[in-house]
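One structure below.
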Amino acid sequence: MAGSNQDIDWKALGHRYFPLKVYYQHLFGTRVQKISLDGGFTCPNVDGTVATGGCTFCDNKAFSPSRRVRRDAIQSQIERGITGLRRRYDSEKFIAYFQPATNTYGPLDKLRILWDTALEDERVVGLIIGTRPDCVPDDVLDLVDEYAENTYVSLELGVQTIHNASLDWMNRGHHHDAAVDAIQRCQGRNFELSLHIMLGLPGETHAMMMDTARQVAEWNVEGVKIHNLYAVERTKLADQVRSGEVKLMEMDEYLEVLADFLELLPPWMVIERISGDAPPTNLVAPDWCLGKGTIIQTLKDIMQQRDSYQGDAFSVVKS
Ligand code: SF4
């Protein structure tokens with residue numbers, strides 16, 4: 001699917017992997033920030049359709065099955081988001097990121113209203129739609145495709161891992177075959193596809209995580225968001241971490257695995273995230289997640305010491 005980014009020379013910019021900000025600069029000609037929007041969705045893994053309780057790491061207590069968000073509420077979320085981002089960044093363009101819960105889990109007319117409302121704002125230059133692999137029927141993909149004919153659209157699928165035992169452990173409510181099916185049905189469409197992947201899941205060996213990397217490389221999607229397993233308040237995982245039942249990766253261990261993972265991916269795949277992202281007040285563990293600058297620098301140091309880059313082991317994948 002991906003491959004059109006091959007002319008972007010991110011190595012010349014001093015990077016060891018292809019970061020999102022370089023891709024956006026290339027695509028939009030300027031710095032672009034994401035505005036996180038709550039479209040008022042719930043999740044089939046919360047409302048009982050697939051399961052109840054949701055994924056063990058997900059703070060989903062607020063996802064009531066009948067949530068509705070008014071059109072003007074989306075407009076004010078955008079306004080608030082832009083005001084907040086402009087305090088920190090010099091950005092003129094923004095992407096509407098439908099992030100919490102499952103953002104394709106609703107009738108098509110609701111999706112249209114939300115996406116049209118977001119795109120009415122001239123400063124909004126695209127959409128990112130976060131969802132689950134088992135919530136993208138063909139009519140939803142057709143609609144996403146329709147929007148992608150005229151604007152930038154990325155569909156974010158929560159794949160997390162290719163291993164069914166891990167998906168069961170996290171109470172995911174679907175297995176790997178759901179991701180395979182969804183990704184196959186996304187092939188050849190206008191929108192970009194980005195996958196969420198978690199490293200450090202209990203019971204996953206280094207070899208298992210590399211198997212996930214090889215599968216992501218083979219899928220050849222446009223982007224991937226990778227992060228370590230981390231715990232936030234109001235989740236089952238938080239209890240498991242506090243009781244010692246689940247042990248989370250230390251930073252150095254995670255970054256060595258991450259470097260191995262990145263080396264297996266194609267060099268044109270955009271790396272949208274490399275670590276967990278939770279507000280300090282909500283994070284239970286590990287604390288090192290909060291040190292973004294240290295994480296980025298340490299990964300760079302590790303890859304420099306190895307003299308390696310994203311994609312260095314990709315030819316091995318394809319052979
Ligand atoms: S992580 Fe996603 S799929 Fe899992 S319960 Fe939360 S919203 Fe649903």
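Worth pointing out:
Matching residues to (1) within 25 Å of VAL232 (Cα to Cα); (2) touching a Phe, Trp or Tyr at 6+ places or on another chain (Cβ under 7 Å); (3) within 14 Å of the ligand (Cβ to nearest atom):
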residue	(1), (2), (3)
GLN77	yes, no, no
ASP90	no, no, no
PHE98	yes, no, yes
GLU120	no, no, no
VAL136	no, no, yes
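- Selection status of SER194, within 16 Å of the ligand (Cβ to nearest atom), assigned to a strand (DSSP E or B) and at pLDDT 95 or above: yes
- Number of the exception - TYR230 against (1) surrounded by 22 or more Cβ atoms within 10 Å (Cβ to Cβ); (2) more than 16 Å from the ligand (Cβ to nearest atom); (3) closer than 27 Å to GLY291 by Cα: (2)
- Here LYS61 passes the criteria (1) within 16 Å of the ligand (Cβ to nearest atom); (2) under 24 Å from LEU193 (Cβ atoms); (3) among the basic types (Lys, Arg) except the one numbered (2).
- All told, GLN184 meets the bar of being of a type in the set (S, T, N, Q) and within 18 Å of GLY158 (Cα to Cα).
The rows are residues; the columns are (1) over 24 Å from MET208 (Cα atoms); (2) in contact with a His (Cβ under 8 Å, 6 or more places away or on another chain); (3) of a type in the set (A, V, I, L, M, F, W, C); (4) at pLDDT 95 or above.
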| position | (1), (2), (3), (4) |
| --- | --- |
| GLU253 | no, no, no, yes |
| GLU263 | no, no, no, yes |
| VAL270 | no, no, yes, yes |
| GLY276 | no, yes, no, no |
| ALA313 | no, no, yes, yes |
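- Among all residues of the stretch 257-267, there is none that is surrounded by fewer than 16 Cβ atoms within 10 Å (Cβ to Cβ) and not assigned by TED's automatic domain parsing to the domain that holds SER36.
- Taken over the stretch 1-17, the residue count meeting the criterion of being surrounded by fewer than 17 Cβ atoms within 10 Å (Cβ to Cβ) and not small (Gly, Ala, Ser) is 6.
- Condition check for ASP72: within 16 Å of the ligand (Cβ to nearest atom) and charged (D, E, K, R): no
- Subset of the stretch 18-54 that is within 16 Å of the ligand (Cβ to nearest atom), among the hydroxyl-bearing types (Ser, Thr, Tyr) and touching a residue at least 12 places away in the same chain (Cβ under 8 Å) - its residue that is surrounded by the most Cβ atoms within 10 Å (Cβ to Cβ): THR42
Rundown of residues vs (1) on the phi < 0 side of the Ramachandran plot; (2) part of a loop (DSSP other than H, G, I, E, B), yes/no style:
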residue	(1), (2)
ARG234	no, yes
LEU248	yes, yes
PRO267	yes, yes
LYS300	yes, no
SER308	yes, yes
ASP312	yes, yes
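The values are calculated or read from the model by the stated rules, or taken from the named source; none is laboratory data. Bear in mind the structure is a predicted one, so any value in this text is a computation, not a measurement. Neighbour counts run over all protein chains shown; Cβ positions are idealised from the backbone, glycine included.
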